[in-house]
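A short worksheet on the structure shown next.
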Amino acid sequence: LMALIMSMSLASVAFAADVTETDAANGVIAGADAFKAGDAVTGKINSSEDVDYYALTVAKAGIVTVTVEHAAKEEAIGTYFTVEILDEAEKSIASFTVAANAASVASPAFGAAAGKYFVKVTKGSVCDTTVEYKLTAAVDSNALSEYESNDTREDATAIELSSVYSLKKYSGTIPAAEDVDYYKFNIAKPGYIYIFVENDANFKGSYAI
C-alpha cells in the first residue's frame, strides 16, 4: 500500500526537463517544441531568416514570465533576439527584445489562463551570426491577474470585490494599442463601488464601467 501511495505521489509531480529545439521543424508554429514552466530550453538563431517556435503549457492559471539568457558581450551593441508570446489563437500577448550585452532579460509579466501559449524567437538587430540562448518560463499561480484573452465582455476576467481597507489588486498588461481588457464582478447588494487603477508613470490608460 505504501509503495502504491508513493507511486501515485510521484506521478502527480511535474519534473523540470532539459529541452533542445528541433531546428529543422520548429520554424513554423505547427512544429513548435513543447515545454512547461521550469524546463530549460536550449536553442539558437542561425540567421536573419531563422524563426524558433515553442509551445508553453500552463497547467494552472497565473502570472507568467518568460526569460531568455545568453552569453553576453559587454562591448556589443544592439539586440540579439526579439521574443513574442502568443496565445493559442496566435494573438500577441507580450513581446520584448534581448540586448547583446545583457545576460538575462525577462518578458513583461502577463496573466494566463490554463492552456497552451507560444513563444516566438527571432533575430534582433545584430548582423547574421549563430547565437545560442536558454529559454525558461515561470508561473505564479497564487497571484491575482487578468487572464488573456479577455478582449470581449464574454471573455471578461472574473474578479472579486474587496474591502476598501483591504484591497485585492489584479495585475494586467496592455501589450499593444489595440488590446482591451474586460473584467466582471458581482454586486451582492446596493452600495458604492470604488475602482482604483495603478499604472506606470510613463503610460496613461483608461477604464469604463
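Structural remarks
- Within the accessible area of the range 63-173 (1.4 Å probe), percent carbon and sulfur: 49 percent
- Reference-scaled alpha-carbon Rg (2.2 N^0.38 Å with N residues) for the chain: 1.19
- Applying the criteria of a DSSP loop state and at most 10 other Cβ atoms within 10 Å to the chymotrypsin sites (Phe, Trp or Tyr not before Pro) of the range 110-193 yields Tyr165, Tyr192.
- Figure note: Thr130, Thr67, Thr157 ranked by solvent-accessible area, largest first, 1.4 Å probe, ligands and nucleic acids not counted: Thr130, Thr67, Thr157.
- Restricting the range 89-173 to trypsin sites (Lys or Arg not before Pro) that sit in a DSSP loop and have at most 11 other Cβ atoms within 10 Å of their own Cβ leaves Arg153, Lys168, Lys169.
- Applied to the range 86-100, the Karplus parametrisation 6.51 cos²θ - 1.76 cosθ + 1.60 on θ = phi - 60° returns per-residue 3J(HN,Hα) values of 10, 7, 5, 8, 6, 8, 5, 10, 7, 8, 6, 10, 10, 5, 5 Hz, with x for Gly and Pro.
- Two-site label geometry, Glu90 and Asp179: point separation in nm, points 7 Å out along Cα→Cβ: 2.0 nm
- For the chain: relative contact order, % (alpha-carbon pairs under 8 angstrom, 6 or more apart): 20 percent
- MRE, 222 nm, helices only [DSSP H, n ≥ 4, -39500 (n - 2.57), over the chain, to nearest 500]: -1500 deg cm²/dmol
- Accessible area in square angstrom per residue, the chain, 1.4 angstrom probe: 63 Å²
- Its Cα gyration tensor gives the range 30-124 an equivalent ellipsoid, and the semi-axes of that ellipsoid, as √(5λ) in whole Å with the largest first, are 23, 14, 12.
The values are calculated or read from the model by the stated rules, or taken from the named source; none is laboratory data. No experiment lies behind these values; they were computed from the predicted model shown. Cβ coordinates were reconstructed from backbone atoms using ideal geometry, including for glycine residues, and neighbour counts include every protein chain displayed. SASA here: full protein model, heavy atoms, side chains in, ligands and nucleic acids out. Shrake-Rupley method; radii C 1.70, N 1.55, O 1.52, S 1.80 Å.
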